[in-house]
Amino acid sequence: MTESDDVWKVNRERDGQAKPFESNLPQAGPVGKIFAPVAGFGVTMRNFFKPTVTEQYPEKKVAPMPRYHGRHQLNRYADGLEKCIGCELCAWACPADAIYVEADSNTPDEQYSPGERYGRVYQINYLRCIFCGLCIEACPTRALTMTNEYELAGPTREGLIYEKQDLLAPMGEAMLAAPHPMVPGTVDDDYYRGDVLKVVEEQTEWVRENRPEDPTLPENRGMHEENPEHRRSEHSDARLNVARHQTANTASWRGGSI
Amino acid sequence: MTATPEKAAAVETVSLTIDGTEVTVPKGTLIIRAAEEVGIDIPRFCDHPALKPAGACRQCLVDVAAPDREGNVRPFPKPQASCTMTVMEGMVVNTQHTSEAADKAQKGVMELLLINHPLDCPICDKGGECPLQNQAMSNGRTESRFIDVKRVFEKPLALSSEILLDRERCVLCQRCTRFSKEIAGDAFIDLQNRGAMQQIGTFNEDVLNFDGYEPIGVAAEDESGKAFSSYYSGNTVQICPVGALTSAAYRFRSRPFDLVSSPSISEHDSSGSAIRVDHRRGKILRRLADQDMVVNEDWITDKDRFAFAWQNLADRITRPLVRGEDGELHEASWPQALAAAAAGLKAATTGEDAQGAAVLPGARVTLEDAYAYSKFARLALGTHDIDARTRIASDEEQAFLGATVAGSGLGVTFADLEKAPAVLLAGFEAEDEGGVVFLRLRKSLGRQQVFTIAPFLSRGAEKLDATLIPTAPGGEGKALAAVKGSTAASEALKAEGAVIVVGERLAGSPGALTQALALAKRTGAKLVWIPRRAGERAALEAGALPGLLPGGRSVTSASAVQTVADAWGGTLPTGPGRDAAAIVADAAAGKVGALVVGGVTPSDVTGPFAEALERTPFVLSLEVRRGEVAEYADVVLPVAPPSEKAGTFVNWEGRLRGFATAIPTDAMGDHRVLDLLARELGTDLQTGSVADVYAQIAALGSAAKGERPEVPKVETAKVDAKPGASLVLASWHQLVDEGALQEGEPYLAGTGRTAVARIAPATAVAAGIADGVVTVASAHGAIELPVVVTDGMADGVVWVPTKSPGSWVAQELGVEPGALVTVKGGVA
């Protein structure tokens, strides 16, 4: 006899005769007892006549609510300059430590955003992101917002760390790709106030001179028909293949320049 | 250490009440400091404990009541600045915590400060560690009532290539200008203009708006022109309470919350300044001064602050390299590389016709590394041929160091320098070669007589208000001997606490150190040797010199050799070793079997070093970067830079300056690599860990009586100042130059002084030189530099910087200071 058997025996002896199980639920009457075996199908059958809620994902995609917290997007001003100034307030606000930013100085030759500072490295690690939206609240220039895109799964961990080019908003119709100078006569404050509404000729000229092949130039538009969706997946593939310098988890920093 | 004769007078104290708390402080204390004593924080911007009170920002206003003549405590009619008012017996102070008036005043001041301060915190480098940001939150109004347009300036204004000024953000606290004037003595920036347009800047005629009138007089100028060319300018960035001053190197690089801060010690000079290393993901982003009141106080040099990029340049090596059959270096595993190194060293040290090995550790070593090199040379290689002094050096210097410096513990300290009523500098430039030593000396400006034995009055010496004793290199011995009788210097040095500072360059002047010892004896002044590099003193303590064993023991003392041999459990080689110059010369003649080279930069070494490396059959290099030595090396073993290892620098005071690993990597310090290598050679050095080395050094102690080398007695050399074509070469390293540890930092390099050649007016006339470019030539080569005719300079001397742009003396001229060179006008 094992010890536990002994304990059970003692308990049985203490409680006297073991009593048969009695349910606390109300007992069905005689008719109820007859239909009991098929009563369970009642719920199923009732739902035959109700509208269906099942979504045929992924065959049929349904748009989420307008303010759904999906993948982030780094926005641009109307002239194509980036809104991100690399201030790292998003990274500061992030409770999951999912955002990594490195800033740098804009130069006359490489002006990415209005003012002196731009975000050179911008990474969001979607393995960590909890989509709380605190980064959006923290952003002082509304550079970072959230899209409705929710398909954020992938075969590799590296692939789920989105780089700046993956997060940047697609170029609008009349935008000119950065880097290019600010609208002449404006300062960064004019951009922040929303006073810059379109690309001006000087900016187009500058890009024409420095990057004549740029696909966002008016004369080059339409030559490379680009699907933003397609563009991002290209980058994703590149991410899987190319050895990477900077990820949130690896320390391949040694000897390399960031 | 001598005790001060006057007893410390009982400090007179004053009692007052701050926020209802009774506090007793020494008389003359400022209210803001007294409040700190009892943990009451008063907001402030302009106040800094190391600077004189200014009362510029008005943020520290408090309510003060003080007793009048009858003893009635009567309140001041208006709030007072607590950073300028000293305490008084019976005073009652109410800060913003207890007084509504003080709180209202502070909020009002904050509102006024913020009127013109831009709200660009997201792009400002100070964001997150900004006193203005913090105090605006704690002591400011929640809403701004200012609705007009803010004042704007063009930004940033580059004060130098490194220091950038955003005038919009400036709150005119004048910390930077006060630092520049009071501490560094480089008054390159100051307040300009008045009222709302008041701003900080360099001398700028556009800002000052002379309106056609020329400024009266000439601004103090130097060779660099108008820039904010100070060796200490980085400190202004650190003390700026807003983001007005930023450094180009750190601009927009990171945020304080990104950074991991590790305390460390600077590897750039022999002062051992305390620094804070801020790094992110294994990469150093900036270094700041750490407060250490006994060494560097609150300040460090720009070199300490900005020169850290060298550690992680693209040529950093992390894997051992072994030269293969094809004559190229290939990456190898540690066991392979150690086996190859051991085989090469064994071949050179064993066998009948073995020529033996020699070790050149370089003088950038920590105490642990120096000890390991010393033990490795003696036990594993069986030679005394080890010398860390790959600079101008002599046997006289070695005897001087062994007899008076090595193993002597803490001698003259920074505090002694500050208190000294008179200081004589010989072969030592406080600003260029001493770094923070200069700041300590300058702290006593006006209370201290400074004499300098130098070819001319350098800018650093000028700022110390030093009296020049014009001396050509080689004549220092004679000049020291002449300090006697009733000369001003002799009289001054007789005062209690006077100090004679000798630099490493005196080694090049035969008899000078002998004379320095005699002078110290004659006047009773204390004598201190301040070398340039961080590892000089450690190398000395650890016996990384041919004639010295650890603790200042001489290799010629039988008992000293026996003590060390017993402690190490082996036999030591007999007879003294060769010094660095002899090793290099012999190696170049093909008479050295193997060379073990540590952190030595070939272009710093006078003599045929490249040839020596070329002709030596086996060269082992222990390096952080794949440098010039690696081109000749058969095996290169990677070692850790200071930020990736723990260790101890010994500063010139003899103070141990231990530091922990800032960035943990798998890189090993020299001592550990040598330990592994010695095992491969069949010797156990037991230098694998810092603790092991420490225990051994502690057990060894310093030399017993009679074990030290004899005090040197060398005749002073006769210098014949030949007028005419041949001039005596004078040279020293400027603080910011092209040293190997300053590579990869162009912004810092831009603040260095322009390289010029200097000659005395009479010499210039004799040589027919007026201005323009001159060619300084030796038998080996020539350098061309713009010439500056310097008043008061010793005749028959030409001075050039040792390793500044366009002036690499060791490499181009191939001679040491004191040699004769020719100087001709124009380009050769």
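The values are calculated or read from the model by the stated rules, or taken from the named source; none is laboratory data. This is a predicted model, so every value here is computed, not measured. Backbone-built Cβ (ideal geometry, glycine too); neighbour counts: all protein chains shown. These area figures cover heavy atoms from the full protein model, side chains too; ligands, DNA and RNA do not enter into them. Shrake-Rupley method; radii C 1.70, N 1.55, O 1.52, S 1.80 Å.
Put a plus charge on the Cβ of each Lys and Arg, a minus charge on the Cβ of each Asp and Glu, and nothing anywhere else: the dipole of region B:49-165 about its Cα centre is then about 240 debye.
Of interest is the spacing of the C-alpha centroids, which for region A:168-197 and region B:75-137 amounts to 39 Å.
Between the listed residues A:180, A:136, A:194, the Cα displaced farthest toward the positive end of the dipole of region A:117-215, a dipole computed from Cβ unit charges relative to the Cα centre, is found at A:136. Of the whole protein surface, residue B:747 contributes about 90 Å² of accessible area at a 1.4 Å probe radius. Compared with the dominant principal axis of the Cα atoms in chain B, helix B:100-115 is inclined by about 60°. Report note on the peptides B:706-717, B:359-370: ranked by the mean count of other C-beta atoms within 10 Å, highest first, their order is B:359-370, B:706-717. Cross-link partners of residue B:824 among lysines, defined as those whose alpha carbon lies under 21 angstrom from its own and excluding same-chain residues fewer than eight positions apart: B:722, B:803. A straight Cα-to-Cα reach below 26 Å connects residue B:713 with the lysines B:478, B:484, B:494, B:521, B:526, B:705, residues fewer than 8 places away in its own chain not being considered. Solvent-accessible surface, computed for protein heavy atoms with a probe of 1.4 Å, shrinks by 30 Å² or more for the following residues of region B:233-273 when the other protein chains are added to the isolated chain: B:252, B:253, B:255, B:257. Using a/c under 1.5 as the rounded threshold, could you call the protein assembly as shown rounded, prolate or oblate? The axes a ≥ b ≥ c are square roots of the C-alpha gyration tensor eigenvalues, and prolate needs a/b larger than b/c, oblate otherwise. Taking the square roots of the gyration eigenvalues as a ≥ b ≥ c, the protein assembly as shown is prolate. Heavy atoms of chains A and B lose about 2200 Å² of accessible surface on contact, summed over both sides with a 1.4 Å probe.
Quick one: grab the alpha carbon gyration tensor of region B:1-112, order the square roots of its eigenvalues as a ≥ b ≥ c, and give me rounded if a/c is under 1.5, else prolate or oblate depending on whether a/b is larger than b/c. Judged from the Cα gyration tensor, region B:1-112 comes out oblate (a/c at least 1.5, b/c at or above a/b). Applying 1/(1 + (r/R0)^6) with R0 = 41 Å to the Cβ-Cβ distance of residue A:214 and residue B:150 gives a FRET efficiency near 0.70. Figure note: A:189, B:302, B:68 ranked by solvent-accessible area, largest first, 1.4 Å probe, ligands and nucleic acids not counted: A:189, B:68, B:302. Extension gain for residue B:419-residue B:574 works out to 51.3 nm (0.36 nm per residue, less the C-alpha to C-alpha distance). Taking every C-alpha pair closer than 8 Å and separated by at least 6 residues, the mean separation divided by the residue count of region B:644-696 gives a relative contact order of 27 percent. Interface residues of region B:109-147, defined as a loss of at least 10 Å² in heavy-atom accessible area between the chain alone and the complex of all protein chains with a 1.4 Å probe, are B:122, B:123, B:128. Projecting the Cα atoms of B:373, B:102, B:487 onto the charge dipole of the protein assembly as shown, computed from C-beta unit charges around the Cα centre, puts B:102 farthest toward the positive end.
Hey, can you find the accessible area per residue of the protein assembly as shown for me, probe 1.4 Å, expressed in square angstrom?
Using a 1.4 Å probe on heavy atoms only, each residue of the protein assembly as shown averages 45 Å².
Among the DSSP beta bridges whose two residues both lie in the protein assembly as shown, what percent are antiparallel, rounded to the nearest 5? DSSP beta bridges in the protein assembly as shown are roughly 65 percent antiparallel.
Relative contact order of chain B, taken over Cα pairs closer than 8 Å and 6 or more residues apart, is 13 percent. Averaged over the residues of peptide A:187-197, the number of Cβ atoms from other protein chains lying within 10 Å of each residue's Cβ is 1.
When both region B:346-387 and region B:489-545 are represented by their alpha-carbon centers, they are found 28 Å apart.
Within the straight-line cut-off of under 27 Å between alpha carbons, the lysines reachable from residue A:33 are A:19, sequence neighbours fewer than 8 places apart in one chain being disregarded. What do you get for the angle between helix B:512-523 and the principal long axis of chain B? Use alpha-carbon atoms, 0 to 90 degrees, nearest ten. Its long axis makes an angle of about 50 degrees.
Charge dipole (Cα centre; +1 on Lys/Arg Cβ, -1 on Asp/Glu Cβ; no other charges) of the protein assembly as shown amounts to roughly 2100 debye.
For region B:277-369, what does the relative contact order come out to in percent, with C-alpha contacts under 8 Å and a separation of six or more?
12
Counting only DSSP beta bridges with both residues in chain B, what percent are antiparallel, rounded to the nearest 5? That works out to approximately 60 percent antiparallel. Out of B:130, B:453, B:750, whose Cα points farthest toward the positive end of the dipole of chain B (charges: +1 Lys, Arg; -1 Asp, Glu; placed on Cβ)? Of the options given, the answer is B:130.
Rounded to the nearest 20 debye, the dipole size of region B:672-783 about its Cα centre is 480 debye, using +1 on the Cβ of Lys and Arg and -1 on the Cβ of Asp and Glu. Between residue B:318 and residue B:260, full extension at 0.36 nm per residue minus the direct alpha carbon distance yields a gain of 18.6 nm. Distance between the modelled labels on residue B:484 and residue B:614, one decimal in nanometres: 4.9 nm (7 Å Cα→Cβ projection). Remark: the Cα gyration tensor places region B:657-743 in the oblate category, a/c being 1.5 or greater and a/b not exceeding b/c. Using only the alpha-carbon atoms, how far is helix B:334-349 inclined from the longest principal axis of chain B? Give it as 0 to 90 degrees, nearest 10. Rounded to the nearest ten degrees, it is 50. Surface composition of chain B: carbon and sulfur make up 52 percent of the accessible area, probe 1.4 Å. Threshold 40 Å², probe 1.4 Å: give the residues of region A:62-109, in number order, that are less accessible with all protein chains present than with their chain alone. For region A:62-109, once contacts with the other chains are taken into account, A:88, A:92, A:100 lose 40 Å² or more.
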